[in-house]
Amino acid sequence: MRQTVPTPFPPVASNDWPLLQFPEAQQLDNIRAYLDLILLALEALVKIDSDSIQQVAEELKLDSFVGDHSHLWQLRNSNPLRKNFSGAKQLNIEEARGLVLIIAQLAKTHQELIRRAVYLLEQTTGENKETHHSALLGDYLDTFTRFYQEKMENRENFSKEELTQLAHKLLIDLLFYSGFNGYRRLWLALLNQTR
């Protein structure tokens with residue numbers, strides 16, 4: 001699998017981070033859940049782990065937001081959908097912005113693989129075939145489903161078809177976040193979670 005060489009983001013202008021009002025508790029829960037789910041999709045597709053996330057954080061000089069493995073685990077478990085959710089650690093806006101930059105950089109680094117997966121998704125759905133007919137998509141869906149079932153509290157509320165649709169949506173979202181100004185697109189998507 002060929003990867004592009006990561007290039008750091010240019011300095012981010014303050015108007016790239018619009019925030020008209022501070023999100024309320026439920027809105028922050030939605031933001032935390034979406035960030036965790038998009039990371040889960042990245043993990044399932046490109047096999048990243050916490051070391052990969054921390055490496056990108058260091059490259060972007062955001063390691064103060066991510067911290068060590070323990071702090072990263074706490075950030076991920078601030079998602080109220082997680083089995084291990086305790087509510088002890090609350091993701092703040094600056095940490096959310098740091099995660100947005102990290103996710104967008106990881107997506108950009110693996111853009112070629114994400115594009116190929118989305119192309120295969122379009123091709124198989126266009127031909128009314130099961131997405132498992134593609135080895136890449138089948139592996140992604142199996143891994144995403146397994147990760148979701150292992151880590152999320154409300155896993156029994158989703159049918160296999162609903163989890164597949166969620167995995168497809170997150171894959172397409174990743175394509176948008178892998179492109180130019182992907183971090184801004186992800187931030188705006190998060191702000192939509194607050195409505």
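Bear in mind that the values in this text are calculations on the coordinates, not laboratory data. This is a predicted model, so every value here is computed, not measured. Cβ: placed from backbone, ideal geometry, glycine included. Neighbour counts: every protein chain shown.
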For this session: May I ask you to evaluate 6.51 cos²θ - 1.76 cosθ + 1.60, the Karplus curve with θ = phi - 60°, for each residue of the range 143-148 and list the ³J(HN,Hα) values in order in whole Hz, giving x for glycine and proline?
Result: 5, 4, 4, 5, 4, 4
Exercise. Which of the peptides 163-171, 34-42, 48-56 is most tightly packed, and how do the rest follow, going by the mean number of other Cβ atoms within 10 Å of each residue?
Worked result: 34-42, 163-171, 48-56
For this session: Would you mind checking which residues have amide H under 5 Å from R82's amide H? H placed 1.01 Å from N; only 5 or more apart, or other chain.
Result: E153
Exercise. Name the GluC sites (Glu not before Pro) in the range 136-195 that are in a loop by DSSP and that have at most 15 other C-beta atoms within 10 Å, would you?
Worked result: E153
Problem set entry | Integer Hz, Karplus 6.51/-1.76/1.60 couplings in order for the range 125-138, x for Gly and Pro | 5, x, 9, 6, 9, 5, 5, 5, 5, 8, 4, 4, 5, x
Problem set entry | Chain lengthening between L191 and Y119 when straightened (0.36 nm per residue, less Cα-Cα) | 23.2 nm
